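This report concerns only the one structure given below.
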Amino acid sequence: MRRNSGAQLPERIARVAGSRFKLPGRAQFTDGNRIRLLTTGEQYFPVLLEAIASSRRSVHLETYLYEDDAIGRQVTEHLVQAAARGVRVRVIIDGYGGGEHARRLVRDLKRHGAQVRIYRAERWWRMQRRLFRRLHRKIAVIDDKRAFIGGINIIAEPDDEPGPRLDFAVACEGPIVSVIALAADRLWWTLSLSRLHEPAVPFPRRIGSRNRPRTQGGVRAALLLRDNLLHRRTIERAYTQALASARRDVLIANAYFIPGRRFRAALIDAARRGVRVRLLLQGKIEHLVQFHAQHALYGHLLAGGVKIHLYTRSQLHAKAAVIDDDWATVGSSNLDPYSLLMAREANVLVRDAAFAGELRARLEHAIASESIAYGPEDMLRRSWPVRVFDWVAYGITRAAIAIIARDRNY
């Protein structure tokens, strides 16, 4: 395909290429996968670093944040060593989340034979709607045999908290790896189109040649993507469909929780059917406007029968859920306008009772030992200036959605 010199090409190209850009199905399940739950960076990074160290052919890494800290330097060192062994190393970092360190990595890793792309490197003084369409997903693919998806950035745990961030990732083996690898290859291809000084990258068309064998006793799983082309509502739709069919229990852990009307209605409808609906949400202020905006929604949810728990041990960064006995998802997507309307996100959806049970047990522990219940009496204890600020923050959020995401029904 002829290259285009424009810096931002995905939307334009998709209008021309059409269905060639579709991954197979919006949530196509594959059987025979091995999906391992990794809780917090303390579990995730040793496994990721071991996978990079054992790589033989290729490493593909995508992240929103890539910090110049102890963890970031370890990851960089492993990537450099892999490139020195002749492994093809590709890294994609969001231009805003990666900051100046991402631009230094472009220079530093290139010297060692690795390739780095910055996703939308605009500056804040260029105020355009597309500036807010970021790469928020966290993906790693090793030798097209192992893949990692979750909410954990390349960042060390906070020093000023009593414990690590509550966050999750999954390590994947089996047929789903081919689907994840295809998504990674296609984003790399898209970002390579405007690089006229480099050889053209062929368009990744099929996954058949890289299908992985099923693992014995493996589980049923699907990749859920969110982008601004063909998967605009994929993750939100997976949630609302599961909520509509829920019969016993819904447990959602989400760091930034400002869902739209459809999602809130689905939660309340489930609660009114007698389903136990619980939310594990951020109990500490990280982003002031977001924190207060989501508090504006708590009264309506509580009145509808939804139970709310605020995580207080450390920072909550999880994007995970368990519904009934065998529906579970882990990934990068929050339930807020940024994730559901503007960012590239990736979740893995698992239909397996054992995996769902393991994730549920960790979330139950967080509710019982690391959180506080938040009820109607807590709403009443908030002073009227604070409640006014809640609604001001929510109004700011709604106005920003209408302008940036062009979604006035959120």
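What the table shows:
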{"item": "The one condition in (1) open to solvent by 20 Å² or more (accessible area, probe 1.4 Å); (2) assigned to a helix (DSSP H, G or I); (3) modelled with pLDDT under 95 that THR76 fails to fulfil", "result": "(3)"}
{"item": "Every pair of residues 6+ apart whose Cβ atoms lie under 8 Å, when the first sits in the range 230-242 and is under 9 Å from ALA27 (Cβ atoms) while the second is surrounded by fewer than 21 Cβ atoms within 10 Å (Cβ to Cβ)", "result": "THR234/ARG26; THR234/ALA27; ARG237/ARG26; ALA238/ALA27"}
{"item": "In the range 286-296, residue most open to solvent (accessible area, probe 1.4 Å) [restricted to those that are under 12 Å from TYR256 (Cβ atoms) and of a type in the set (A, V, I, L, M, F, W, C)]", "result": "VAL289"}
{"item": "The range 28-64, residues that are assigned to a loop (DSSP other than H, G, I, E, B), open to solvent by 40 Å² or more (accessible area, probe 1.4 Å) and under 30 Å from ALA366 (Cβ atoms)", "result": "PHE29"}
{"item": "Residues of the range 386-400 classified as among the charged types (D, E, K, R) and open to solvent by less than 70 Å² (accessible area, probe 1.4 Å), total", "result": "2"}
{"item": "Single match in ARG226, ARG220, ARG264, ARG247 (criterion: over 19 Å from ARG351 (Cβ atoms) and either open to solvent by 10 Å² or more (accessible area, probe 1.4 Å) or among the aromatic types (Phe, Trp, Tyr) (or both))", "result": "ARG264"}
{"item": "The range 300-330: number of residues that are among the small types (Gly, Ala, Ser), open to solvent by less than 30 Å² (accessible area, probe 1.4 Å) and either touching a residue at least 60 places away in the same chain (Cβ under 8 Å) or assigned to a strand (DSSP E or B) (or both)", "result": "5"}
{"item": "Odd one out for SER339, checked against (1) open to solvent by 10 Å² or more (accessible area, probe 1.4 Å); (2) of a type in the set (Gly, Ala, Ser); (3) touching a His at 6+ places or on another chain (Cβ under 9 Å)", "result": "(1)"}
{"item": "Residues being assigned to a helix (DSSP H, G or I) and open to solvent by less than 50 Å² (accessible area, probe 1.4 Å) - total across the range 363-385", "result": "5"}
{"item": "For ARG278: the one exception among (1) modelled with pLDDT under 95; (2) open to solvent by 10 Å² or more (accessible area, probe 1.4 Å)", "result": "(1)"}
{"item": "So VAL289, is it at pLDDT below 95, touching a helix residue (DSSP H, G or I) at 6+ places or on another chain (Cβ under 6 Å) and outside any loop (DSSP other than H, G, I, E, B)", "result": "yes"}
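The values are calculated or read from the model by the stated rules, or taken from the named source; none is laboratory data. Because the structure is a prediction, the values reported are computed rather than measured. We place every Cβ from the backbone using ideal geometry, glycine too, and count neighbours over all the protein chains shown. Accessible surface areas use protein heavy atoms only, side chains included; no ligands, DNA or RNA. Shrake-Rupley method; radii C 1.70, N 1.55, O 1.52, S 1.80 Å.
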